[in-house]
Amino acid sequence: RRIILSGIQPTGTFTLGNYLGAVKNWRQLQKEYDCYYFVADLHALTVYHEPAMRRKASRAAFALLLACGLDPEESLVFIQSHVSAHAQMGWMLSCLSPFGDLSRMTQFKDKSAKHPEDINAGLFTYPALMAGDILLYQADYVPVGADQTQHLEFTRNVAARFNHVYGETFRLPEGYFPKAGARVMSLAEPTAKMSKSDENAKATIFILDDEKTILKKFKSAVTDSDAEVAFREGKDGINNLMTIYSAITGKSYDAITAEFAGKGYGDFKTAVGTVVADELRPIRERYAELLTDKAYLDAEIARGAERAAHIAEKTLAKAKRKMGLC
Ligand code: AMP
Ligand code: TRP
């Protein structure tokens with residue numbers, strides 16, 4: 001079977017965008033592929049967080065992945081730093097990463113422009129660590145959002161360079177962009193991506209929001225001044241609500257337009273809020289259950305790390321041999 005791999009940073013809780021754009025698809029891929037999914041806590045280290053908060057956030061992210069339906073019997077779910085091969089491979093690959101290429105990464109340019117007083121080397125070599133994550137498991141496909149495609153291209157380049165310099169070692173991964181992968185926009189400003197860090201509390205649905213909060217946020221979602229539920233240029237707010245409704249119910253835009261013909265936006269917003277709340281309720285409940293079962297969660301975290309290490313160590317040993325390290 002082909003191999004799928006992806007990671008998510010443990011920054012706060014996930015948004016409806018993370019869920020519909022990423023994790024829900026990860027769940028659906030489990031049937032067809034060998035899947036590796038991990039909490040990218042080493043990448044999160046590029047930004048300072050209190051150690052206790054960091055530990056808590058990584059556990060919470062792991063539990064959320066399981067709650068979202070990633071099945072540890074079917075997939076390998078783990079926390080990146082628990083598998084030491086990632087840091088080792090990251091260093092080895094950083095020595096094959098041209099300074100110029102790293103300097104051109106838009107994520108680095110954006111982040112370092114935003115916090116010029118706080119640029120660390122990890123922020124700069126971030127793509128080499130990410131390349132290691134992917135190459136250690138010889139992944140065929142990597143489902144990532146548009147913001148990560150440059151890092152994926154970097155990964156292919158560094159893998160090709162390694163293969164050229166030291167001999168055939170790594171499989172070159174490709175991006176995986178599912179047809180159904182929804183891009184979810186802010187409810188307050190529907191031309192911008194829904195994001196964890198939005199300061200406007202009404203802009204973002206978090207996976208753990210309760211029903212009342214979800215309905216309230218959808219009620220106050222920004223729309224337009226006509227009254228037709230139709231997917232059209234210039235109707236960013238309605239387009240976003242239709243995207244969300246369609247991603248959850250599987251209904252086409254035409255079917256949705258027909259369903260709400262002659263009804264107001266109020267009805268439509270309530271309907272979208274309701275399907276979202278119904279979709280997220282079992283996740284929230286499962287998450288709460290997982291957090292109370294400390295022994296189970298600890299055991300799954302340890303088991304995931306052990307199984308991942310077993311695979312990663314093999315690739316690491318091969319790469320070290322090729323480089324003349326052992
Ligand atoms: P991030 O939260 O930026 O670390 O992203 C984690 C994953 O969720 C990536 O695959 C992103 O592409 C995806 N993602 C984040 N925000 C959205 C959004 N608003 N719509 C769709 N996908 C998203
Ligand atoms: N950099 C990714 C993000 O911020 C997370 C990530 C780390 C990742 N390593 C990865 C994604 C490997 C895919 C494959 O979203």
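All of the numbers you see were taken from the coordinates with simple rules; none came from a lab. What you see is a predicted model, and the numbers here were worked out from it, not measured in a lab. Cβ coordinates were reconstructed from backbone atoms using ideal geometry, including for glycine residues, and neighbour counts include every protein chain displayed.
Values as computed for the structure displayed
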{"item": "Of Lys196/Lys251; Lys196/Lys263; Lys114/Lys269; Lys109/Lys196, those spanning more than 25 Å from alpha-carbon to alpha-carbon", "result": "Lys196/Lys251; Lys196/Lys263; Lys114/Lys269"}
{"item": "Largest-first principal axis extents of the Cα set of region 160-218 (Å)", "result": "57, 23, 22"}
{"item": "q = 0.14 Å⁻¹, the chain: log10 I(q)/I(0) [Debye, one scatterer per Cα]", "result": "-1.14"}
{"item": "Counted charge near Pro116, where neighbours are those whose Cβ lies closer than 12 Å (Asp, Glu -1; Lys, Arg +1)", "result": "0"}
{"item": "10 Å-binned pair-distance histogram of region 110-234 (Cα, whole percent)", "result": "10, 26, 27, 22, 11, 3, 0"}
{"item": "Proximal lysines relative to Lys294, as straight alpha-carbon distance under 23 Å, when same-chain residues fewer than 8 apart are discounted", "result": "Lys56"}
{"item": "Proximal charge balance of Asp209 [Cβ under 14 Å; K/R count +1, D/E count -1]", "result": "+2"}
{"item": "Reachable aspartates and glutamates from Lys217, criterion Cα separation under 12 angstrom, eight or more residues apart if same chain", "result": "Asp209"}
{"item": "Region 1-57 and region 76-109: distance between their alpha carbon centers, rounded to Å", "result": "16"}
{"item": "The chain: DSSP helices with Cα axial extent of at least 30 Å and average Kyte-Doolittle hydropathy no lower than -1.0", "result": "265-292, 294-323"}
{"item": "Pairwise FRET efficiency - Leu291 versus Ser252, Cβ, R0 = 45 Å, nearest 0.05", "result": "0.75"}
{"item": "Packing-based order for 29-40, 202-213, using average beta carbon neighbours within 10 Å, highest first", "result": "29-40, 202-213"}
{"item": "Förster radius 25 Å - calculated FRET efficiency between Phe99 and Glu153, Cβ distance, rounded to 0.05", "result": "0.90"}
{"item": "Cross-link partners of Lys314 among aspartates and glutamates (Cα-Cα below 19 Å; sequence separation of 8 or more within a chain)", "result": "Asp34, Asp133, Asp140, Glu168, Glu306"}
{"item": "Residue exposure sequence - Ile3, Ile119, Ile256, Ile238 - by fewest surrounding Cβ within 10 Å", "result": "Ile119, Ile3, Ile256, Ile238"}
{"item": "Exposure proxy order (Cβ contacts within 10 Å, fewest to most) of Leu291, Leu5", "result": "Leu291, Leu5"}
{"item": "Local electrostatic count at Ile301 - Lys and Arg +1, Asp and Glu -1, tallied over other residues with Cβ under 14 Å", "result": "+1"}
{"item": "Packing-based exposure ordering (other Cβ within 10 Å, fewest first) of His49, His82, His310, His43", "result": "His310, His49, His82, His43"}
{"item": "Calculated FRET value between His49 and Arg171, using beta carbons and R₀ = 30 Å, to 0.05", "result": "0.35"}
